[in-house]
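> Below are the C-alpha cells for one structure; questions will follow.
Laboratory data are not the source of any read-out in this text; all were calculated from the coordinates shown. Small disclaimer: the values here were computed from a predicted structure and weren't measured. Reconstructed Cβ throughout: ideal geometry from the backbone, glycine too, with neighbour counts over all protein chains shown.
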Amino acid sequence: MNEIQNELAGATVALGATITAAMDDAPGFVPCGTPAQVVLDALSAASVAEPEANLEQRVAQVRGFVEHVSGHRGVPAHVGTDVAALSPTGKQLLDALFGFAASANAETLSPEDTSWLYRSLAALETGDDEKVGAQLAAAARA
C-alpha cells in the first residue's frame with residue numbers, strides 16, 4: 001500500500017475504534033448502516049489502486065465520521081494507527097478486513113458481522129496481539 005492508502009486504512013481504524021467506544025459506552029447501541037458502509041467503502045478503497053484525489057476525499061469523509069460519532073455519542077475521537085507498523089498478526093487481520101469488505105458477506109451485514117468489523121478495527125488500534133488474534137480467529141465466522 002502507498003502512503004495515502006495507509007492513511008485511509010489508519011483513519012478507518014480510528015473510526016472503528018471510536019464506534020467501538022460508543023458501543024461499549026452504551027450497551028445495546030447499534031450504529032446505523034451508514035458508518036458500516038463508510039468503513040467497508042474505505043477498506044475497499046485502501047486495498048486497491050484508486051486515484052489519490054479519491055483517496056484523499058475518503059480520508060476526509062472517514063475523519064468526519066470519527067468526529068461525528070465522537071460528538072454525538074460523547075466518546076473520545078480515536079486517532080487510529082500507522083498500519084504500516086502493524087505486527088504480523090495485525091497485518092493478517094487487516095488483510096482479513098480487506099477481504100471481508102470485498103466479499104458478498106459485506107453486502108448484507110448482520111449485527112454480529114458489524115460488531116466484528118468495528119471491534120477488529122479497534123483491536124488494530126490497540127496493537128495488542130492477543131486482542132488482534134481473537135478478532136482474527138473470529139474472522140472465519142464473519
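> Just subtract the alpha-carbon distance of SER103 and ALA85 from 0.36 nm times their residue separation and send over the number in nm, one decimal.
Full extension of this stretch gives 3.9 nm more.
> Name the shape class, rounded, prolate or oblate, that the alpha-carbon gyration tensor gives for the range 58-142, where a ≥ b ≥ c are the square roots of its eigenvalues, rounded holds for a/c under 1.5, and otherwise prolate holds if a/b is larger than b/c and oblate otherwise.
Numbers: a/c = 1.67, a/b = 1.21, b/c = 1.38.
Taking the square roots of the gyration eigenvalues as a ≥ b ≥ c, the range 58-142 is oblate.
> Given N residues in the range 18-90, what is Rg(Cα) / (2.2 N^0.38 Å)?
1.21
> For labels at ALA26 and ASP41 in the simple 7 Å Cα→Cβ model, what's the distance in nm?
Each label point is offset 7 Å from its Cα along the Cβ direction, giving 2.3 nm.
> Give me the log10 of I(q) over I(0) for the chain at q = 0.09, 0.10 Å⁻¹, as the Debye formula computes it from C-alpha points; what are the numbers?
-0.22, -0.27
> Next question, about the same structure. Given points 7 Å out from each Cα along the Cα-Cβ axis, report the VAL48 to ASP113 separation in nanometres with one decimal.
It is 1.8 nm.
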